[in-house]
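Novice: Have a look at this one.
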Amino acid sequence: MTIETGWNLDNSYAHLPKTFFTSMKPTPVRSPKLSILNHLLATSLGLNVEALQSEDGVAVLAGNRIPEGALPLAQAYAGHQFGHLALLGDGRALLLGEQITPHGARFDIQLKGSGRTPYSRRGDGRAALGPMLREYIISEAMHALGIATTRSLAVVTTGESVIREADQPGAIMTRVAASHLRVGTFEYVSKWGTAPDLRTLADYTLQRHFPDVDAVPNRYLFLLQEVIKRQAVLIAKWQLVGFIHGVMNTDNMALSGETIDYGPCAFMDAYDPATVFSSIDLQGRYAYGNQPYIAGWNLARFAETLLPLLHDDAEQAVKLAQDAISDFNELFRCNWLAGMRAKLGIFNEEIQDESLIESLLNMMQKYRADYTNTFRALTFDTTEDAVLFGTTEFAQWYELWQARLGRQQEPKAFSQQLMRSANPAIIPRNHRVEAALEAAVKQGDYSVMERLLDVLSSPYAHSPEQAEYSTLPALSSRPYRTFCGT
């Protein structure tokens, strides 16, 4: 007896102008096999976990079978890559459709690594197992940290090899997203579409993500302002946990406010705003400390695409856009400061707080203190294990911090509770992620990855089981590097 999988797919994107996408089917693979399945996510989407693990279910996750109701398509978009505009698109991904959950929510279901498309350029349209598992781990960790993100439903191996630096096992990941609308989607339509196309895309984006638009006088200015607000929240949360995206091109900025496209991403160990992990970011454009500035730059590119919609008068349109963009820095700063206050157990606001925070960060950089573990040590007042904590500078700072806590009504126990909720016990340490990937890809052993995912699922638990995952990697003369995995 066939078990119903639970697919309940709609295809609103497929009803947009045909220039926005190319309808096509995934390229079948030789021998698909399920590597990992996100049971909790599947259930929340209204999918039957048992059916997804069946032969028919795996065939859908591999692109060998099209589920009922799906209209697969590759989305067209552009993007400023390291500052240069290029025509892009889904070169190795297909949108199957939009799953409508039992609660009425709508999520894109995308197959990543599903074969060549008209946007593949010279690529093979495939993906390697390691990078797909990496995205699975990091995106699930981000979700557990409370950071808006696309998520990974499943990864299947294809039974075929992909050639990168060497032959690697091929894989397909099923990505779940609020949508795949990007700044680059608007850049594509703005440059290569028509004025009606642009308005249609903007209206669709409003309907999809900002349904309360009817009550505002300028719906397209509202769109710009809301996207700016969401990005200010998102980037602040990245900074607060030491996350480095690695390749913040405009095609990697989702209008939903979710983190998207985990390529050369990683989490920072020793605090340093200049930290770069990506092997292709030779100039540090997307370094940790630059992420807020790059977000503002990307949002300015988004604003430029909306100019024809903001006002009939070109000068007035530019002024509206500039005023909206100018708000980003302050919005980011407010979100970041609020988060930093929480990380230090501070409930109210004082003008000296920013100086207190910056002094701590400067000391952390000077003594190469671990970002996550420093805040965890402050949370539990275990400030004896690192070089930083033994310095006169820190002793003076600590006295100022304690005095600051004493000037608020909340007792110290409340401050510690606030800090516990703002400072994760663990992050996906780079050496732990690499160990999990090596075991899975080279030995077919997923137990290391499953254990890592388990402890990462409750980063604020501060449980004894998490202690070993908070240890730092052995010192190395070679800096850690990540790769796009395309």
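Novice: Give me the strands (runs of 3 or more DSSP E) completely within the stretch 36-92, filtered to those with at least 2 residues that are touching a residue at least 60 places away in the same chain (Cβ under 8 Å), small (Gly, Ala, Ser) and crowded, with 19+ Cβ neighbours inside 10 Å, ordered by residue number.
Specialist: 78-81
Novice: Restricting to the stretch 7-26, what's the tally of residues that are surrounded by fewer than 20 Cβ atoms within 10 Å (Cβ to Cβ) and either touching a residue at least 40 places away in the same chain (Cβ under 8 Å) or part of a strand (DSSP E or B) (or both)?
Specialist: Residues flagged as surrounded by fewer than 20 Cβ atoms within 10 Å (Cβ to Cβ) and either touching a residue at least 40 places away in the same chain (Cβ under 8 Å) or part of a strand (DSSP E or B) (or both) within the stretch 7-26 amount to 13.
Novice: Moving to a separate point now. Conditions first: (1) part of a helix (DSSP H, G or I); (2) surrounded by 19 or more Cβ atoms within 10 Å (Cβ to Cβ); (3) not acidic (Asp, Glu). Val213 passes all but one, so which condition is the exception?
Specialist: (2)
Novice: Can you name every residue in the stretch 124-156 that is over 27 Å from Pro459 (Cα atoms) and open to solvent by less than 30 Å² (accessible area, probe 1.4 Å)? Lay out the reasoning, then the answer.
Specialist: Step one: of the stretch 124-156, the residues over 27 Å from Pro459 (Cα atoms) are 124-128.
Hits for the stretch 124-156 are Gly125, Ala127, Ala128.
Novice: Which of the residues that make up the stretch 264-278 are touching a residue at least 40 places away in the same chain (Cβ under 8 Å) and open to solvent by 10 Å² or more (accessible area, probe 1.4 Å)?
Specialist: Asp269, Ala270, Tyr271, Asp272, Pro273, Phe277
Novice: Further, regarding this structure: Look through Ala317, Ala300, Ala295 and report the one residue that is in contact with a His (Cβ under 6 Å, 6 or more places away or on another chain) and not in a loop (DSSP other than H, G, I, E, B).
Specialist: The match here is Ala317.
Novice: Can you tell me which of Asn329, Asn362, Asn348, Asn335 is of a type in the set (S, T, N, Q), at pLDDT 95 or above and under 26 Å from Thr391 (Cα atoms)?
Specialist: Numbers: Asn329 fails: under 26 Å from Thr391 (Cα atoms); Asn348 fails: under 26 Å from Thr391 (Cα atoms); Asn335 fails: under 26 Å from Thr391 (Cα atoms).
Sole residue among the options that is of a type in the set (S, T, N, Q), at pLDDT 95 or above and under 26 Å from Thr391 (Cα atoms): Asn362.
Novice: For the structure I just gave you, tell me whether Leu133 is assigned to a helix (DSSP H, G or I), under 28 Å from Asn430 (Cα atoms) and touching a strand residue (DSSP E or B) at 6+ places or on another chain (Cβ under 8 Å).
Specialist: Against the criterion (assigned to a helix (DSSP H, G or I), under 28 Å from Asn430 (Cα atoms) and touching a strand residue (DSSP E or B) at 6+ places or on another chain (Cβ under 8 Å)), Leu133 qualifies.
Novice: Can you tell me which residue is nearest to Met248 (Cα to Cα) among those in the stretch 165-186 that are open to solvent by less than 30 Å² (accessible area, probe 1.4 Å) and of a type in the set (A, V, I, L, M)?
Specialist: My answer is Val183.
Novice: Can you name the number of the only condition in (1) closer than 20 Å to Ile109 by Cα; (2) part of a loop (DSSP other than H, G, I, E, B) that Thr157 fails?
Specialist: (2)
Novice: Looking for something closer than 20 Å to Pro273 by Cβ and surrounded by fewer than 17 Cβ atoms within 10 Å (Cβ to Cβ) - is there at least one such residue anywhere in the stretch 397-420?
Specialist: No: zero hits.
Novice: Kindly check whether there is at least one residue in the stretch 187-209 that is open to solvent by 10 Å² or more (accessible area, probe 1.4 Å) and farther than 18 Å from Leu306 by Cβ.
Specialist: No, because not a single residue in the stretch 187-209 is open to solvent by 10 Å² or more (accessible area, probe 1.4 Å) and farther than 18 Å from Leu306 by Cβ.
Novice: Then there is this: Out of the residues in the stretch 279-292 that are within 23 Å of Ser139 (Cβ to Cβ) and in a helix (DSSP H, G or I), which is most open to solvent (accessible area, probe 1.4 Å)?
Specialist: Across the stretch 279-292, the extreme among qualifying residues is Asn290.
Novice: Contact list please: Cβ distance under 9 Å, first residue in the stretch 391-406 and farther than 12 Å from Leu360 by Cα, second residue among the small types (Gly, Ala, Ser) and assigned to a helix (DSSP H, G or I), pairs at least six apart or on different chains.
Specialist: Pairs found: Leu405/Ser415.
Novice: Something else now. Return the residues of the stretch 160-184 that are more than 24 Å from Thr27 (Cα to Cα) and either in a helix (DSSP H, G or I) or hydroxyl-bearing (Ser, Thr, Tyr) (or both); say none if nothing qualifies.
Specialist: Val183, Gly184
Novice: So in the stretch 456-478, with the set limited to residues that are surrounded by 12 or more Cβ atoms within 10 Å (Cβ to Cβ) and in a helix (DSSP H, G or I), which one is modelled with the highest pLDDT?
Specialist: It comes out as Leu456.
Novice: Something else about it: When Phe332 is evaluated against the numbered criteria (1) assigned to a helix (DSSP H, G or I); (2) surrounded by 13 or more Cβ atoms within 10 Å (Cβ to Cβ); (3) without any contact (Cβ under 8 Å) to a residue 60 or more places away in the chain, which criterion, by number, is the only one it fails?
Specialist: In the conditions (1) assigned to a helix (DSSP H, G or I); (2) surrounded by 13 or more Cβ atoms within 10 Å (Cβ to Cβ); (3) without any contact (Cβ under 8 Å) to a residue 60 or more places away in the chain, Phe332 misses (3) alone.
The values are calculated or read from the model by the stated rules, or taken from the named source; none is laboratory data. Keep in mind that what you see is a predicted model, and the values were worked out from it rather than measured. Neighbour counts are summed over all protein chains in view; Cβ atoms, including those assigned to glycine, are modelled from backbone coordinates with ideal geometry. We work out accessible area using only protein heavy atoms, side chains counted, and drop any ligands, DNA or RNA first. Shrake-Rupley method; radii C 1.70, N 1.55, O 1.52, S 1.80 Å.
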